[in-house]
There are 2 protein chains.
Amino acid sequence: MTTLQSIYRHPLLKPEELQAIVDAHEKTVYRKGDYFLKKGQTANEYYCLEKGLVRSYVIDFSGREITTGFIGENEIIIDVMSLFQRIPSSENIQALTDCVCYRIDFETFQQLYHSIHGFSEWGRAWMSESLFRLKQRSISMITDSASERYQALIRQHPEILKHAPLKHIATYLGITDTSLSRIRKDFVSSNVGT
Amino acid sequence: MTTLQSIYRHPLLKPEELQAIVDAHEKTVYRKGDYFLKKGQTANEYYCLEKGLVRSYVIDFSGREITTGFIGENEIIIDVMSLFQRIPSSENIQALTDCVCYRIDFETFQQLYHSIHGFSEWGRAWMSESLFRLKQRSISMITDSASERYQALIRQHPEILKHAPLKHIATYLGITDTSLSRIRKDFVSSNVGT
DNA sequence: GGTTGTTCTTGTCCTATGGCAAGAAATGGC
DNA sequence: GCCATTTCTTGCCATAGGACAAGAACAACC
């Protein structure tokens with residue numbers, strides 16, 4: 001199963017429709033450090049990530065980078081608000097590693113979205129799940145300790161450890177890199193022998 | 001401008017299409033304490049709120065209620081994941097006051113959604129904005145102090161003060177009601193004479 | 001392979017918020 | 001109006017995580 005097939009899997013998409021969607025994508029390569037989207041730009045496309053790791057972040061009022069998300073393989077690299085509302089992005093999206101991905105531009109997407117019934121159903125399902133995950137994240141910020149959030153993140157995205165510096169992970173968790181360093185030390189020593 | 005017209009305003013919706021959408025809703029009344037949706041139920045409709053205030057919440061692992069959102073007038077009362085994915089809801093949605101709202105069931109919605117081009121555009125725009133607001137909330141949990149978050153919430157939804165007990169507001173902000181009580185005291189005294 | 005910049009760890013002390021408990025105030029039946 | 005319940009405030013002490021700074025480890029570049 002390819003990246004695109006796994007991303008677009010949906011019960012209402014017939015094989016030939018899925019094929020049409022897949023064919024609308026164009027393979028693209030990004031190098032570590034490249035930007036998929038910069039704050040202030042209006043997105044004109046989105047990307048399905050086959051290989052690599054990506055980070056999105058915003059700059060807060062005091063100039064500090066706050067990581068808003070990590071995007072892993074078989075996930076979509078997109079600023080929904082910028083792409084669909086045609087407004088300048090408020091976040092930056094940057095490759096943490098070299099990336100292989102599949103690009104589709106807005107116009108092509110729109111045309112497929114409105115001509116293939118199952119595709120707009122897929123789109124709504126994808127948005128629903130994004131909303132759900134984001135809500136889970138908000139709840140986790142409230143109910144879980146920083147250490148629990150760290151462990152959950154690493155469980156879901158172990159590749160982050162290799163490619164993102166502590167400070168990026170820390171701002172995603174809502175703590176300082178100093179604290180994360182201490183949390184990680186406790187975590188390691190509590191695992192000795194396992 | 002009625003509640004429904006304000007909620008469904010969209011550049012691609014022609015007046016007669018908007019009218020068809022509006023006509024598909026049925027006025028309903030809820031009493032304070034009533035549930036729009038309970039955890040475990042699968043949503044079969046959503047509601048546009050004309051008058052009143054609503055709270056959504058989940059129960060965490062230790063049995064504590066965590067407020068996940070407040071819904072005010074001219075906003076939509078919905079569990080997106082449950083309604084569109086046809087799965088049991090993980091949250092409870094409850095009226096904090098008597099409410100006047102307009103109900104539309106899933107089947108009717110689906111039919112309009114797929115027959116009126118502008119309506120699915122509207123739906124996607126609504127989802128985009130929901131995602132955006134939720135992301136802003138996550139960022140705010142990281143960059144702002146509890147006191148700043150409280151003040152922002154009250155600015156956006158002053159009616160919450162009258163209708164929600166401290167403990168509901170506190171869990172939404174991610175703090176205890178004790179802390180919120182102290183924060184509010186500081187806030188009041190810092191505003192003496194203004 | 002040294003130099004420079006970045007990342008990570010660690011120490012010390014500080015602050016925001018939590019936990020718990022008691023009492024005061026408000027609210028809701030009846 | 002009275003009682004029971006819930007909500008809100010306050011005090012005391014505990015704790016998680018922050019601020020800052022120094023040094024160690026690592027990486028990158030020439």
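Give the number of residues within the stretch B:110-139 that are more than 10 Å from chain A (Cβ to nearest Cβ), in contact (Cβ under 8 Å) with a residue 12 or more places away in the chain and of a type outside the set (A, V, I, L, M).
The qualifying residues number 3.
Considering B:ARG155, B:ARG103, which residue is in contact with a strand residue (DSSP E or B) (Cβ under 7 Å, 6 or more places away or on another chain), more than 13 Å from chain A (Cβ to nearest Cβ) and basic (Lys, Arg)?
It is B:ARG103.
Can you tell me which condition A:THR143 does not meet? The list is (1) away from chain B (no Cβ under 12 Å); (2) without any contact (Cβ under 8 Å) to a residue 60 or more places away in the chain; (3) within 15 Å of DNA strand C (Cβ to nearest atom); (4) in contact with an Asp or Glu (Cβ under 7 Å, 6 or more places away or on another chain), and all the others hold.
So A:THR143 meets the others, but not (1).
What's the number of the condition B:ARG184 fails, among (1) within 16 Å of DNA strand D (Cβ to nearest atom); (2) more than 17 Å from the chain's Cα centre (by Cα); (3) surrounded by fewer than 17 Cβ atoms within 10 Å (Cβ to Cβ)?
Looking at each condition in turn, B:ARG184 falls short on (3).
Select from the stretch B:62-78 the residues that are part of a loop (DSSP other than H, G, I, E, B) and either surrounded by 16 or more Cβ atoms within 10 Å (Cβ to Cβ) or more than 13 Å from every other protein chain (Cβ to nearest Cβ) (or both) and list them in ascending order.
Selection gives B:GLY72, B:GLU73, B:ASN74, B:GLU75, B:ILE78.
Among the numbered criteria (1) within 14 Å of chain A (Cβ to nearest Cβ); (2) surrounded by fewer than 16 Cβ atoms within 10 Å (Cβ to Cβ); (3) within 12 Å of DNA strand C (Cβ to nearest atom), which single criterion is violated by B:LYS162?
(1)
Could we say that A:ILE87 is within 14 Å of the chain's Cα centre (by Cα), more than 9 Å from every other protein chain (Cβ to nearest Cβ) and modelled with pLDDT of 95 or more here?
no
Got at least one residue in the stretch B:115-131 being within 16 Å of DNA strand D (Cβ to nearest atom), at pLDDT below 95 and in the same structural domain as B:ASP34 (by TED's automatic domain parsing)?
Taking every residue of the stretch B:115-131 in turn, none turns out to be within 16 Å of DNA strand D (Cβ to nearest atom), at pLDDT below 95 and in the same structural domain as B:ASP34 (by TED's automatic domain parsing).
Quick one: is A:THR97 facing chain B (nearest Cβ under 8 Å), touching a residue at least 12 places away in the same chain (Cβ under 8 Å), within 18 Å of the chain's Cα centre (by Cα) and within 16 Å of DNA strand D (Cβ to nearest atom)?
no
The values are calculated or read from the model by the stated rules, or taken from the named source; none is laboratory data. Being a predicted model, the structure only gives us computed values, none of them experimental. FYI the Cβ positions are ideal-geometry reconstructions off the backbone, even for glycines, and counts take in every protein chain you see.
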